[in-house]
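The values are calculated or read from the model by the stated rules, or taken from the named source; none is laboratory data. Predicted model only: the values in this text are computed from it and were never measured. Cβ sites come from the backbone with ideal geometry, for glycine too, and all protein chains shown count toward neighbours.
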Ligand code: PGA
Ligand code: ZN
């Protein structure tokens with residue numbers, strides 16, 4: 001039985017920063033509509049698929065998405081009505097072909113992704129499936145029989161059965177997400193010692209509360225939060241932020257390192273001076289740093305603090321710096337390419353060939369269709385690169401990534417902090433999935449890093 005697409009509709013809604021974004025509804029014959037809302041980044045990579053906005057228009061300072069919405073209602077609807085929503089690969093292939101540009105700039109990656117996801121939800125509705133089961137089917141059709149997943153040591157156990165993820169959670173925000181108070185963007189924790197997702201989440205909430213108290217005690221306005229719900233205090237240095245997070249882990253009665261480790265999203269592209277190949281970090285040094293000096297600094301911190309994950313430690317164009325950090329640190333630290341790989345198979349393949357990084361951030365809207373996202377995820381797992389499914393700094397009540405990370409068994413999820421409901425929508429969905437899936441979904445947690 002096929003699920004014939006009867007209607008494709010879109011509207012402009014607003015994200016967690018009050019910025020317009022695209023919501024798409026796709027309806028299959030005889031079923032309720034499937035719906036998805038597209039997220040939006042602030043520290044976007046140059047190689048990402050293009051978000052179409054109504055630039056040049058006075059309305060909402062040119063941030064509207066009416067053209068993208070119109071593209072869904074006209075061209076995209078015309079191309080998809082009558083298609084089979086069960087054939088996600090064919091739907092996505094049509095969307096890519098219809099757009100015809102390398103970065104989805106004609107119809108807009110927001111128009112395309114919204115549709116791609118809404119089709120998956122519509123197919124779930126048509127058959128009365130929970131979304132996680134539909135995503136599971138789509139994942140299985142992308143990877144083929146899961147026995148065919150290559151058994152790379154580092155990613156063994158990922159991509160096969162369903163898994164609740166190890167969450168990687170923002171505690172302190174800097175960079176473009178918190179008025180550049182700090183140069184680094186995210187100071188995160190990974191509850192590696194927890195034995196279940198729900199225990200991991202409780203630990204995170206406890207550390208977050210203790211962190212607020214530690215900040216207040218030190219005279220900071222602990223309650224002010226950044227775009228992803230992490231605290232946004234005015235600290236003197238990036239290192240001070242790490243020290244404070246360690247203090248909060250202690251104050252929660254947990255062991256830094258054994259129970260809860262630290263991750264940093266350096267998001268270095270935004271302080272990289274491409275003309276001179278240097279990094280501008282005034283809180284560390286008045287003189288610009290070359291890649292080697294930035295790596296030295298990160299290495300010192302890894303020795304001093306329980307840091308096990310570094311995202312975008314070098315800029316999106318600094319392949320030489322990336323090669324060097326991989327050579328020096330990939331043995332003991334997860335090195336995640338976000339702006340570097342932009343969920344793009346070709347860029348990830350280049351990274352694998354050049355032995356750059358050992359992990360990839362997976363963001364649906366960086367590439368623009370569900371199928372392409374899953375292909376990049378598959379390439380990562382088959383190449384021994386840890387995938388980390390991730391939200392954007394601009395989010396909504398849409399919970400796709402929670403269902404997706406479980407369905408694919410990707411192992412790790414990065415959503416932002418535990419304040420702000422666009423983040424909690426995902427964390428709460430995971431609690432529901434943990435309960436409803438029971439033994440059908442495993443939990444590896446920090447074991448992921450044991451290999
Ligand atoms: P963005 O930030 O959504 O603003 O790009 C998230 C990240 O850098 O991981
Ligand atoms: Zn990032």
Those residues of the range 250-301 which are assigned to a helix (DSSP H, G or I), within 18 Å of residue 236 (Cβ to Cβ) and either within 16 Å of ligand 1 (Cβ to nearest atom) or within 25 Å of the chain's Cα centre (by Cα) (or both) amount to 271, 301
Subset of the range 161-176, residues farther than 12 Å from residue 228 by Cα and either more than 20 Å from the chain's Cα centre (by Cα) or in a strand (DSSP E or B) (or both), comes to 161, 162, 163, 164, 166, 167, 168
Kindly check whether there is at least one residue in the range 90-107 that is crowded, with 18+ Cβ neighbours inside 10 Å, in contact (Cβ under 8 Å) with a residue 40 or more places away in the chain and in a loop (DSSP other than H, G, I, E, B).
-> yes
Picking from 36, 77, 42, the residue that is touching a residue at least 40 places away in the same chain (Cβ under 8 Å), part of a helix (DSSP H, G or I) and buried (at least 16 other Cβ atoms within 10 Å of the Cβ) would be 77
- request: Kindly establish whether residue 157 is farther than 29 Å from residue 40 by Cβ and either assigned by TED's automatic domain parsing to the domain that holds residue 233 or surrounded by fewer than 16 Cβ atoms within 10 Å (Cβ to Cβ) (or both).
  value: yes
Exercise for the section: Please work out if residue 191 is surrounded by 23 or more Cβ atoms within 10 Å (Cβ to Cβ) and closer than 23 Å to residue 402 by Cβ. Expected result: yes
Within the range 177-197, residues more than 16 Å from ligand 2 (Cβ to nearest atom), in a loop (DSSP other than H, G, I, E, B) and either modelled with pLDDT of 95 or more or on the phi < 0 side of the Ramachandran plot (or both) come out as 181, 191, 192, 193, 194, 195, 196
If we take the range 305-394, then helices (runs of 4 or more DSSP H) inside it with 1 or more residues that are within 14 Å of ligand 1 (Cβ to nearest atom) and touching a helix residue (DSSP H, G or I) at 6+ places or on another chain (Cβ under 7 Å) are 364-367
